[in-house]
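Read the structure below first, then the notes.
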Amino acid sequence: MIKAVNTLSLILFLLFLTACTEGALNNPYVVDEGMNKVIYSSFSERPKHLDPARAYSSNEYAIIAQVYEPLFQYHYLKRPYQLEPLLAKFMPSVHYYDVKGELLEQSASDKDIAFSEYNIEIKAGTKFQPHPSFTLPLHKELPAIWDGKSLYDLPMATRELTADDFIYQIKRLADPATQSPIAGLMANYIVGFSEYSSKQSALSKQFPALRKTQRLQSERMQGLKKIDDTHFTIRIKGKYPQFINWLAMPFFAPMPWEADEFYANPVLVKKNMTLDWFPVGTGPYFLHENNPNRRMVLVKNPNFHADVYPYEADENMRQQGLLVDAGKTLPLTDKVIFSLEKESIPYWNKFLQGYYDVSGISSDSFDQAVSFSAGGDVGLTDDMVERGIGLQTAVTTSSYYLGFNMLDEVIGGYSDKAKKLRQAISIVVDYEEYISIFQNGRGVVAQSIIPPGIFGHITGEEGVNRIVYEENDSLVRRSADEAAELLTEAGYSHGIDPQTGQPLVLYFDTMDSGPDSKARLNWLRKQFNKLNIKLVIRGTDYNRFQEKMRNGSAQMFMWGWNADYPDPENFLFLLYGKNAKAVYGGENAANYQNAQFDALFEQMSTMENTPKRQEIIKDMLVITQQDVPWLWGFHPKAFSLHHAWYKNSYPNLMANNKTKYINVDAELRKAYQAKWNKPVFWPLVFVLFLLACLVLPAYLIYRRIERAKAL
Amino acid sequence: MINYIIRRLLYVLPVLLGVNILTFVLFFVVNTPDDMARMQLGDKHVSQAAVDNWKQQRGYDLPLLWNDGALGFEQASKTIFFKKSMSLFAFDLGISDNGRDIVADISQRMWPSLAIAIPSLIFGVLTNITFALLLIFYRSTFLEFGGLFICIALMSISGLFYIIAGQYFIGKLLALTPISGYAPGLDAFRFIILPVLIGVVGGLGSGVRWYRTLFLEESAKDYVRTAKAKGLSDLQVLFKHVLKNAMIPILTGIVVILPLLFMGSLITESFFGIPGLGSYTIDAISSQDFAIVRSMVFLGSFLYIIGLLLTDISYTLVDPRVRLD
Amino acid sequence: MLTLLWTDIAVFALVFGSALAAWKTSKKEHAARPWKKVFESKVGVVSLTVLLVFILIGVLDSTRIQQNKELASGERSDYTETLSLLDIMLTPLRVNTEKTYSEPFAHTLYAKEMTVNESGDTQWIYPRLVYGGAHLFQPVEERGGDILAKVFKGLSYGLLTWLVLMLMLLFITKASCYLKKPSGIRVCSLTLLAIFLILGALSALAPYYHILGTDKVGEDVLYQAVKSIRTGLVIGVLTTIVMLPIAITLGLMAGFFRGWVDDVIQYLYTTLSSIPGVLLIAAAILMAQVYMANNPELFTTIEDRADMRLLLLCMILGVTSWTGLCRLLRAETLKIREMDYVLSARALGVGQVQILKRHVLPNVMHLVVITMVLDFSGLVLAEAVLSYINIGVDPSTYSWGNMINTSRLEMAREPIVWWSLTAAFIFMFTLVLAANLFADVVRDAFDPRFNK
């Protein structure tokens, strides 16, 4: 028995050794990519949707934005962010029409404009990726010899992109069966969208057997018009300059009708092969392997249209080596491998071992990676520099705020007293400290709702929120005494609620339950304690939290907003009265309603980025700073690390198709990986030695027992 | 015998029905179909119309357990419970709430789970038995007391410590195995070696003690004394006779857990990033995917009962004296 | 003013209950016999002493007093806070919080920070701690000697207290008693000596150093670990209390009455045990959250909410874990009901309830005791795993599970923050090891198979 175990373990040990002769022992990748240009990335949870009509989160965009291409894209290097044509040939020409359908002058006033029409021309000769859906016989029947493992084993073909594909995708957005998250929003803008939508739902009820492609193509959407194969127009209600930003999102990427038809096959559905999982696009890569339980692989699209690395950049970027590849054909890499990595610790460790190319910095790995120079500048630690790792920082275009429910009886309302209570709180909640403790200083305290980098953000002295900061020193928060004074004026002398004679009790609703949350919530309680206000934390789960927000029964909450597109409208609408969540079901979670603000908002939202617009926005910001519907919170700073072999990386918070610009030095990577992953065997030997030491006394006792028996 | 098996199999039905009802009630006490729809649709720009649309598409727009609006049998059948949970009895697991075929997912995810569970079980049992026999051999020497103390000490360490320490020392400091990850086929070897090692060590304490009690009982029997009297050495007696006779409880103990191996281990899988069934269930719970939760619970309880049945049968097979009535 | 949470009431009820049970058992010769065996075993006495110390800490932590909070300004003192006796005893540990991580016995923070020195220059240095090692002028040179001196002082105080206590005991009881029956009491007093020495050293060091370092927000890790004892005990013990009545009643009924009662009970436990426990627990915790969200007026403080969650966790763990014991008791009862004495009692016309109470229950009690002590350690360990998947105790509750959970992130830091994990490990290991060793001794004493 023992012998068997011993031989077995010996065999295993040998197997173990042989298994590791090639490459490092701890290499998590099985296939040796050799000198191929491969990007190693990860995903932490299975993306829910890869259908561009449905996907709406960053982890989904990380994949589909490389596969699908919309009409426009954000220039990779230019700042401020600027749109440029991608599948379109030019930027669109926009024409305005009045109620009767008469063409108006370009300078017509907003009131007169009833419709705007976007005239779009696409580049001719763009082809879709090779895909079996373009092999039309496969729509009828799949070959019997196909083993069902990979779609790409089927006969593949391609087709040229036409205007119909764009129109078909917009129809898909409107189809109730698609469940597109922006269907509701687009119904407000695109002419005929909601009519089309209800027609489709009626059709599918009436003829359940009707094929989806037939159903969608049988009806016209009023606002869409195909002129020829490369021209089409979209007509929207009123004037909505931000519409062009929507056209740059994957929602409006072209979709061939063949794809829908092909994936309708029940055999494929049974194998989880659907359009929601296996995209068909025109982009620089196509999704070659999709195993959401383990890894997803993007491979260079052989049919990719002509696209080159940009030339335009400022001197600073040139020095950073961002123009080395200028003019080269995109994409610069052959393959992108996304591996499933749920936990942050293994991710970080693997990054340090060189098995992932980029990494964010969690607050726990911060000290290891980042140090501050004597002047207070951010830099990398010596260890990181020695490893050749690079650091990039950028203030994100997002806001993390603490909202007050303006419908609440205690904290909400627009009376002087309620305002003063909120102002007092906004002074004592020290977000500088929050950023330094919980974000390791990675963030900027928000002075208003608009983050830096977005039009309307006011920099410097002028933009400082005077409610919170001293009149003469923009860096100094008003004192707690001043806050206490405001609180007294609000009717809560020393924080005592006159009705109960006890300290004022406020409620904070949160769905935060991670390991870090306890410290965060304790910190928040401490802030309110400065005013002798008792903060009660009401922890709930996601659903209950959402429900409270919908009913408007929460009192205070922390939330964040990520910009969809770089326009102030995308932030200010979070406070627009007609978006009040509890009243109209919009995104205004604080339920803030101020007639003056709303009027300015309506005026501002249709304007171009002019100084006039800036003036209006400034007025709006001052109004909100006075009313304090939010504690403005902070705009996080994104820090990201990348290895020496990972080139051309540059923070661009709007573009999500950045992968095609990345270049990789495979040779350098190999060298580093070999250097960092030398296995250490001596402890293993040591453990074996210890075990051997144990055998000696065991043997001695064995001898004694046997001898005792013999006697 | 055949009668007994058939009767026990029929007994499975009410148990599964109970399990189904309990899962259903537990799930919908805390979630509503609206919640599920919002969970699936995401955060931004979700309107009530979109929620209703989702429910209608997925068939969650029916009453939960009882339909007052319908007639006759339809009062019970036109409900979410009947439509969703009763089809499980035909092993039609259906499509998950995010639109994937559950059977396809399970058949893909069961292999990694088994790849961890089976080696852990085999090596675990082998080492446990070996150490248990050695402990008995060295009875009343300091080796036994030391060994027993180590066993209790091993039992007193939370499984989380083994995983954290294992990943830290073997994966990170010594760079001997990948820290986490998985690959199918033969490549899996490198990835499962650490989880299996941790599984074996983590189960050593309680395992050795369990087998030791078993062998102690066995070695107190008369035939052992006879064998020793015949002049066989202690080692021979232990490893030949005692082990052989203790095979029955060992085997039956293993049989009962065999079907459950398939369900995977929750903690190990999520720590090591192994795409198995353990993490499948917990992900489904946290993303409120009722379709997966009910399927996995159903499957789990089914396997559990099969395990119980197999134990009973294995008793009769290894020991003809036991008769099932 | 004394205030009580629900689990506090349960803890006290439990302590009094077990004291009562112990007193009653000691009166009965046959029931006390196995326990005598336990007290004769050295391991048994040592582990029991350690367990009792843990329980004492738990009880101290459950005695809550509401008092007016002291503020620097003095005038706002009508704001009340609730502290347990343990909190008050550990005041220096509780109050002396630093800014963020610091190593055990450190005098500086663990990470460099931007600071401005007296001359107004900014520096990138390790800042001094506010409390830890703050009494040292030349920390690097002085620290070693200072620690040694403090340890020595603490040890001698520990020894002194122990001597006084022993003398008092000798005085109250009779010296002869101590000499006559040496083994149990002597081992106990030696264990106490060790504990007193450790406590002495710790209490001498604690006001000056963070013995186990500080965590991310600068809270003393030793304090957290000590506070977690109560959570561990409550989960281990309260769950058993929930489980026992169900398991005993149903198990005995199933085995004794057989027929349809047996069928129903068997059906019940097969169904329940075939559902994965994680699901039941997750559902229960979510339900509790929904209930608390709907009734915010019942749970005004964070302590109330956390306590309710702890209580509920114990209950649901009890509901999921009674099946094993129930199965065991049913099988045993099946055997016992065929025994001669039961048959004769039945022939004499004794009522069924009486038979169950008089003849069956006492004969399965050893199984109950063994299961109870064995389950305890398992439950303490289970808490850690549940906290890991966020369905354990409330994140604001001090518990070893929560400590391990946060330390996962700390393990990835470089240089590694090891002390939270180590502290949780040491405390948990000590408690569970003591419980396991005690369980072992109890099992040997009670199990008839080992009574040869």
In square nanometres and to one decimal, what's the mean projected area of the convex hull around the Cα atoms of the range A:398-638?
12.7
Quick check on my link table: of B:221/C:27; A:548/A:612; A:37/A:127; A:89/A:612, which ones sit more than 28 Å apart, alpha carbon to alpha carbon?
B:221/C:27; A:548/A:612; A:89/A:612
Quick calc, the range C:227-450, dipole around Cα centre from Cβ unit charges on Lys, Arg (+) and Asp, Glu (-), nearest 20 debye, gives 460
Residue A:609 versus residue B:17, label points 7 Å from Cα toward the beta carbon: distance in nm?
6.7
Local charge sum around residue A:138 (other residues, Cβ-Cβ under 10 Å, Lys/Arg +1, Asp/Glu -1)?
-2
Leaving out ligands and nucleic acids, and using a 1.4 Å probe, what accessible area per residue does chain B come to in Å²?
42
Tell me, what are the semi-axes, in whole angstrom and largest first, of the equivalent ellipsoid of the protein assembly as shown as set by the roots of 5 times the Cα gyration tensor eigenvalues?
58, 41, 34
Using modelled backbone amide H atoms (1.01 Å from N, in-plane), which distant-in-sequence or interchain residues come within less than 5 Å of residue A:638's amide H?
A:394, A:395, A:396
Just tell me how shielded A:337-347 is by partners: mean number of partner chain Cβ atoms within 10 Å of each residue's Cβ, no decimals.
6
Want the number for residue A:198 to residue A:94: 0.36 nm per residue separation, take away the alpha-carbon distance, what's left?
34.6 nm
Loop only per DSSP, at most 10 neighbouring Cβ atoms within 10 Å: give me the chymotrypsin sites (Phe, Trp or Tyr not before Pro) in the range A:606-652, ordered by residue number.
none
Once phi for every residue in the range C:194-208 is put through the Karplus expression 6.51 cos²θ - 1.76 cosθ + 1.60 (θ = phi - 60°), the whole-Hz ³J(HN,Hα) values, with Gly and Pro written as x, are 4, 5, 5, 4, 4, 4, x, 4, 4, 6, 6, 7, 3, x, 9
Given a Förster distance of 45 Å, report the FRET efficiency between residue A:45 and residue A:476 from their Cβ-Cβ distance, rounded to the nearest 0.05.
0.55
Quick check: net charge around residue A:612, other residues with Cβ under 14 Å of its Cβ, Lys/Arg +1 and Asp/Glu -1?
-2
Calculated from backbone phi, Karplus (6.51, -1.76, 1.60) coupling profile of the range B:283-294 in Hz, x at Gly/Pro
4, 5, 4, 6, 9, 6, 8, 4, 4, 6, 4, 5
Distance check, please: which entries in A:647/A:678; B:55/B:78; A:212/A:300; A:328/A:647; A:518/A:637; A:123/A:225 exceed 20 angstrom between their Cα atoms?
A:647/A:678; A:212/A:300; A:518/A:637
Semi-axes (Å, rounded, descending) of the ellipsoid equivalent to chain A per its C-alpha gyration tensor are 47, 41, 26
Dipole magnitude (debye, nearest 20) for chain A, charges at Cβ of Lys, Arg, Asp, Glu
2700
Length-normalised contact order of the range A:47-275 in % [C-alpha pairs under 8 Å, at least 6 apart]:
26
What residue among B:64, B:293, B:95 has its Cα farthest toward the positive end of the dipole of chain B, where the charges are +1 on Lys, Arg and -1 on Asp, Glu, each on the Cβ?
B:293
Charge dipole of the protein assembly as shown built from unit charges on the beta carbon (Lys, Arg +1; Asp, Glu -1), centred at mean Cα; most positive-end Cα among B:261, B:82, C:126 is B:261
Tell me, what is the FRET efficiency for residue C:6 and residue A:502 to the nearest 0.05, using R0 = 30 angstrom and their Cβ-Cβ distance as r?
0.85
For the pair residue A:698 and residue A:525, the simple spin-label estimate (label points 7 Å beyond Cα toward Cβ) gives in nm 5.3
Mind giving me the nanometre distance, one decimal, between the label points for residue A:142 and residue A:307, set 7 Å out from Cα along Cα→Cβ?
2.9
Before anything else, pin down the relative contact order of the range B:147-284: Cα pairs under 8 Å, at least 6 apart, normalised by residue count, whole percent.
25
Ranking C:420, C:232, C:204 by how far each Cα lies towards the positive end of the charge dipole of chain C (+1 on Lys and Arg Cβ, -1 on Asp and Glu Cβ), the top one is C:232
All other residues with a Cβ under 12 Å from the Cβ of residue C:440 taken together, and with Lys, Arg as +1 and Asp, Glu as -1, what is their net charge?
+1
Whole Å is fine, so just give me how far the alpha carbon centre of the range A:534-584 lies from that of the range B:174-206.
44
Could you run the Karplus curve 6.51 cos²θ - 1.76 cosθ + 1.60 with θ = phi - 60° over the range B:173-190 and give me ³J(HN,Hα) per residue in whole Hz, x for Gly and Pro?
6, 8, 6, 8, 9, x, 5, 7, x, 7, 9, x, x, 5, 5, 4, 3, 5
Would you mind working out the magnitude of the charge dipole of the protein assembly as shown relative to its Cα centre, with +1 at each Lys and Arg C-beta and -1 at each Asp and Glu C-beta, to the nearest 20 Debye?
6720
DSSP bridge pairs, the protein assembly as shown: antiparallel proportion in percent, nearest 5:
85
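The values are calculated or read from the model by the stated rules, or taken from the named source; none is laboratory data. The structure displayed is predicted, hence computed values, not measured ones. So basically every Cβ, Gly included, is an ideal-geometry build from the backbone, and we count neighbours across all protein chains shown. Surface areas here come from the heavy atoms of the whole protein model, side chains and all, with no ligands, DNA or RNA. Shrake-Rupley method; radii C 1.70, N 1.55, O 1.52, S 1.80 Å.
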